[in-house]
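The values are calculated or read from the model by the stated rules, or taken from the named source; none is laboratory data. Values in this document were obtained by computation on a predicted structure and should not be read as measured data. Every residue, glycine among them, receives a Cβ derived from its backbone with ideal geometry; neighbour counts consider all protein chains shown.
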Amino acid sequence: MSEPAENVGEPKLSKKELNKLKRKQDKEQKKMANEGARQADGAADVEETDVSEGKYGDFLLEKARIQAGASAVFTDVAELNEALDGQEVLVRGRVHKSRSKGKACFVVLRDAMATVQVMLCVGEAISKQMLKFVSKISAESVVDIRGVVSRVEGGVAGCTQKDVELKPVEVYVVSMAEPRLPLQIEDASRPQSADDERATVNLDTRLDNRVLDLRTATNHAIFSIQDAICDLFTGSLKKRGFRQIHTPKMISAASEGGANVFAVTYFNRSAYLAQSPQLYKQMAIAAGFKKVYTVGSVFRAEDSNTHRHMTEFVGLDLEMEFKLDYHEVLVTIGNLMIDIFKGLKADFASEIETVGQQYPAEPFEFVEPALVLRFPEAVAMLRAVGAEMGDEDDLTTANEKLLGRLVKEKYHTDFFILDKFPLAVRPFYTMPDPEDPRYSNSYDMFMRGEEILSGAQRIHDATLLLERAKLHQIDIEKIQAYVDAFKYGCPPHAGGGIGLERVTMLFLGIHNIRLASLFPRDPKRLTP
Ligand code: ATP
């Protein structure tokens, strides 16, 4: 057997001798570390023996592995409760905050959305030195604590684990945070309120320091809900026989032949980032896939600096073949949205409540089946309260909001579908209404008065598609591949695209789409 690399050229040692040497080296290391700590902490503690020696310090992965052996079972902070009273547990978390008072030190340990109080008191097991070491661990540092769960009469205020606290036996710093933080997690967690003068964190500071900002319980809740929206979208469509597809994000020509695309260098030519997976969803339908959906990034080179636009967002897109009427698809999408709302309400009540504590909002209301209004009905409702608009005008943002309020008052729902948009305001590939040429077989869906989905029956006939494209003065060469997809027979179909971040924002009633995007991209922000 070959020698270990470090022993080359040294006398060969037996296993026993190696172990002895290692123990000696460990002892020396510990001695040096203690010496360093003593020097740093001043002379006061030097004389006293440290009853906690070896039970705190910086974490050395190798050492921890040796100490823990196979028995290192970590318990989540969220799982600490009365049932574990008296038991020793090992937990990992961050120092949320700490405060020393005489011979005691109170640390709030945070792990995702859960917090627990850790209480150290100088005594038989905890030395003054250990207390000092723990009290100096900076906020946000990651620590491992082995400690005894202890029931607390009357509960611990300000922690999620109210019935218990942890009395540590060992404390190790796994990763020390720099002492100066660009934002305080407590400030970033605070609701903005006119009556509260305590600090809050503005949006730019949050987004500039997103890694820290995302640590708040509110953000954990927002992104758990976003995860659930994706799961519910996928689950509900799978249940209805849809198949997931993945579409290219780099394309050779702009998706709708239009502007607002990002150009990228593609070897010795240009390519574009896809504005929508629509063409590919439709090609899948032309290929006989019947019902498809896809979840993926969508890029828009629009200089829209609003609370609801980003330059990159996640599209939840679906496309479906129908037999007789595009309302088969409209109803499917309506039911899909209801499945999402119901799933969130049923399983994410505590996350919704957490978000609501920082961003108060009326609970999201919906009716089942989803309310469907026709465009002319909406125009009539708006005109009845004095809004001015022509029969075939598109809805302005202000009218969308107003309509949302009117619908909520009359039908008690924050979600509705608006069917039969004027043909003139929809893209060239939208199927005209065969009964009234002023309108189209297209629809939008709204949450709290803002658009979350745009959809339509698409023209599946290449000749009609060309005719409509010419009417829209679209350069045919640029959309030839799209037109060609319908030359070899394609069933009638309809679909739509939903913005994941918009659904997240509007379901929760938070005021800016950037809060519902992990690392938002907008015309002014490309980092972090
Ligand atoms: P809007 O009128 O709000 O700008 P749009 O009509 O351009 O939206 P579509 O192209 O139909 O939107 O996209 C479908 C869905 O994708 C929208 O209903 C919305 O949920 C989402 N979406 C569109 N543009 C953006 C964007 N810039 N940022 C975030 N989400 C978007």
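Can you find a residue that is among the small types (G, A, S), in a loop (DSSP other than H, G, I, E, B), over 35 Å from the mean Cα position of the chain (by Cα) and away from the ligand (no atom under 15 Å from the Cβ) anywhere in region 390-412?
Kept after step one, since they are among the small types (G, A, S), are these residues of region 390-412: 390, 398, 404.
Pick out the ones that are also in a loop (DSSP other than H, G, I, E, B) and you get 390.
Remaining after also requiring over 35 Å from the mean Cα position of the chain (by Cα): 390.
Right, trim to away from the ligand (no atom under 15 Å from the Cβ) and you get 390.
Looking through region 390-412, at least one residue is among the small types (G, A, S), in a loop (DSSP other than H, G, I, E, B), over 35 Å from the mean Cα position of the chain (by Cα) and away from the ligand (no atom under 15 Å from the Cβ).
Which one of R240, R206 is modelled with pLDDT of 95 or more, closer than 26 Å to V355 by Cα, among the basic types (K, R) and surrounded by 15 or more Cβ atoms within 10 Å (Cβ to Cβ)? Can you show your working first?
Details: R240 fails: closer than 26 Å to V355 by Cα.
Sole residue among the options that is modelled with pLDDT of 95 or more, closer than 26 Å to V355 by Cα, among the basic types (K, R) and surrounded by 15 or more Cβ atoms within 10 Å (Cβ to Cβ): R206.
Of the conditions (1) touching a residue at least 40 places away in the same chain (Cβ under 8 Å); (2) hydroxyl-bearing (S, T, Y); (3) closer than 30 Å to A112 by Cβ; (4) in a loop (DSSP other than H, G, I, E, B), S224 fails just one. Which one is it?
Going through (1) touching a residue at least 40 places away in the same chain (Cβ under 8 Å); (2) hydroxyl-bearing (S, T, Y); (3) closer than 30 Å to A112 by Cβ; (4) in a loop (DSSP other than H, G, I, E, B) one by one, S224 breaks only (4).
Looking for something exposed (fewer than 15 other Cβ atoms within 10 Å of the Cβ) and modelled with pLDDT of 95 or more - is there at least one such residue anywhere in region 90-98? Can you show your working first?
Looking only at region 90-98, we keep the residues that are exposed (fewer than 15 other Cβ atoms within 10 Å of the Cβ), and these are none.
Checked region 90-98: no residue is exposed (fewer than 15 other Cβ atoms within 10 Å of the Cβ) and modelled with pLDDT of 95 or more.
Mind listing just one residue for me: the one in region 438-481 that is at pLDDT below 95 and in a loop (DSSP other than H, G, I, E, B) and, of those, nearest to F416 (Cα to Cα)?
Among those residues, the one meeting the criterion is H472.
Taking only region 428-447 into account, find how many residues are crowded, with 19+ Cβ neighbours inside 10 Å and under 22 Å from I479 (Cβ atoms).
Number satisfying all stated conditions: 7.
If I ask for residues that are aliphatic (A, V, I, L, M) and either assigned to a strand (DSSP E or B) or in contact with a helix residue (DSSP H, G or I) (Cβ under 6 Å, 6 or more places away or on another chain) (or both), which ones from region 160-211 would you list?
Residues of region 160-211 aliphatic (A, V, I, L, M): 164, 166, 169, 171, 173-174, 176-177, 181, 183, 185, 188, 194, 199, 201, 203, 207, 211.
If the condition is that a residue be aliphatic (A, V, I, L, M) and either assigned to a strand (DSSP E or B) or in contact with a helix residue (DSSP H, G or I) (Cβ under 6 Å, 6 or more places away or on another chain) (or both), then V164, L166, V169, V171, V173, V174, L183, A188, A199, V201 are the ones that fit.
Hey, does region 465-483 have a residue that's within 15 Å of the ligand (Cβ to nearest atom), among the aliphatic types (A, V, I, L, M), within 37 Å of the chain's Cα centre (by Cα) and crowded, with 20+ Cβ neighbours inside 10 Å? Please lay out each step first, then the result.
Taking region 465-483 first, the residues within 15 Å of the ligand (Cβ to nearest atom) are none.
No, region 465-483 contains no residue that is within 15 Å of the ligand (Cβ to nearest atom), among the aliphatic types (A, V, I, L, M), within 37 Å of the chain's Cα centre (by Cα) and crowded, with 20+ Cβ neighbours inside 10 Å.
Just wondering, is there one or more residues in region 322-330 that are within 16 Å of the ligand (Cβ to nearest atom), in a strand (DSSP E or B) and either surrounded by 21 or more Cβ atoms within 10 Å (Cβ to Cβ) or acidic (D, E) (or both)?
Looking for residues that are within 16 Å of the ligand (Cβ to nearest atom), in a strand (DSSP E or B) and either surrounded by 21 or more Cβ atoms within 10 Å (Cβ to Cβ) or acidic (D, E) (or both), one finds none in region 322-330, hence no.
Consider I476 carefully, then state whether it is free of Cβ contacts under 8 Å to residues at least 12 places away in the same chain, in contact with a helix residue (DSSP H, G or I) (Cβ under 7 Å, 6 or more places away or on another chain) and of a type in the set (V, I, T). Let's see the steps before the verdict.
Numbers: free of Cβ contacts under 8 Å to residues at least 12 places away in the same chain: yes; in contact with a helix residue (DSSP H, G or I) (Cβ under 7 Å, 6 or more places away or on another chain): yes; of a type in the set (V, I, T): yes.
So I476 passes the test.
Looking at V89 and the list (1) closer than 21 Å to A72 by Cβ; (2) outside any strand (DSSP E or B); (3) not basic (K, R), which single condition is not satisfied?
So V89 meets the others, but not (2).
Tally the residues that are away from the ligand (no atom under 12 Å from the Cβ), modelled with pLDDT under 95 and polar (S, T, N, Q), restricting the search to region 269-317.
Of the residues in region 269-317, 1 are away from the ligand (no atom under 12 Å from the Cβ), modelled with pLDDT under 95 and polar (S, T, N, Q).
Could you give me the residue pairs with C-beta distances under 8 Å whose first residue belongs to region 284-302 and is without any contact (Cβ under 8 Å) to a residue 60 or more places away in the chain, whose second residue is of a type in the set (G, A, S) and within 16 Å of the ligand (Cβ to nearest atom) wherever it lies, and which are 6+ apart or on separate chains?
T294/G315; G296/G315; S297/G315; F299/A274; A301/A259
Looking for something away from the ligand (no atom under 13 Å from the Cβ), surrounded by fewer than 21 Cβ atoms within 10 Å (Cβ to Cβ) and either under 26 Å from L318 (Cα atoms) or of a type in the set (A, V, I, L, M, F, W, C) (or both) - is there at least one such residue anywhere in region 448-457?
For region 448-457, residues away from the ligand (no atom under 13 Å from the Cβ), surrounded by fewer than 21 Cβ atoms within 10 Å (Cβ to Cβ) and either under 26 Å from L318 (Cα atoms) or of a type in the set (A, V, I, L, M, F, W, C) (or both): absent.
List every residue pair whose Cβ atoms sit under 6 Å apart, with the two residues 6 or more apart in sequence or on different chains, where the first one lies in region 128-146 and is closer than 16 Å to V77 by Cβ and the second, anywhere, is of a type in the set (K, R) and crowded, with 18+ Cβ neighbours inside 10 Å.
Listed by first residue and then by second, the contacts come to E140/R94; V142/R94.
Scan region 251-264 and report the pairs whose first residue is crowded, with 19+ Cβ neighbours inside 10 Å and among the aliphatic types (A, V, I, L, M) and whose second residue is assigned to a loop (DSSP other than H, G, I, E, B) and modelled with pLDDT under 90, with Cβ atoms within less than 6 Å and a gap of 6+ or a chain change.
Hits for this filter: V261/A254.
Of everything in region 488-526, what is outside any helix (DSSP H, G or I), farther than 28 Å from K290 by Cα, more than 9 Å from the ligand (Cβ to nearest atom) and in contact (Cβ under 8 Å) with a residue 60 or more places away in the chain? Give them in sequence order. Quick ask: steps written out before the conclusion?
Just the residues of region 488-526 that are outside any helix (DSSP H, G or I), to begin with: 488-499, 509-512, 517-526.
Next, only the ones that are farther than 28 Å from K290 by Cα stay: 509-512, 517-526.
Keeping just the survivors that are more than 9 Å from the ligand (Cβ to nearest atom) gives 509-512, 518-521, 523-526.
Answer for region 488-526, where residues must be outside any helix (DSSP H, G or I), farther than 28 Å from K290 by Cα, more than 9 Å from the ligand (Cβ to nearest atom) and in contact (Cβ under 8 Å) with a residue 60 or more places away in the chain: G509, I510, H511, N512, L518, F519, P520, R521, P523, K524, R525.
Which condition number does V372 fail, the rest of (1) out of contact with any Lys or Arg (no Cβ under 8 Å at 6 or more places or on another chain); (2) under 26 Å from S440 (Cα atoms); (3) assigned to a helix (DSSP H, G or I) being met?
So the condition that V372 fails would be (3).
Residue check, E353 against (1) over 18 Å from I513 (Cα atoms); (2) touching a residue at least 12 places away in the same chain (Cβ under 8 Å), all met but one. Which one?
With respect to (1) over 18 Å from I513 (Cα atoms); (2) touching a residue at least 12 places away in the same chain (Cβ under 8 Å), E353 is out only on (2).
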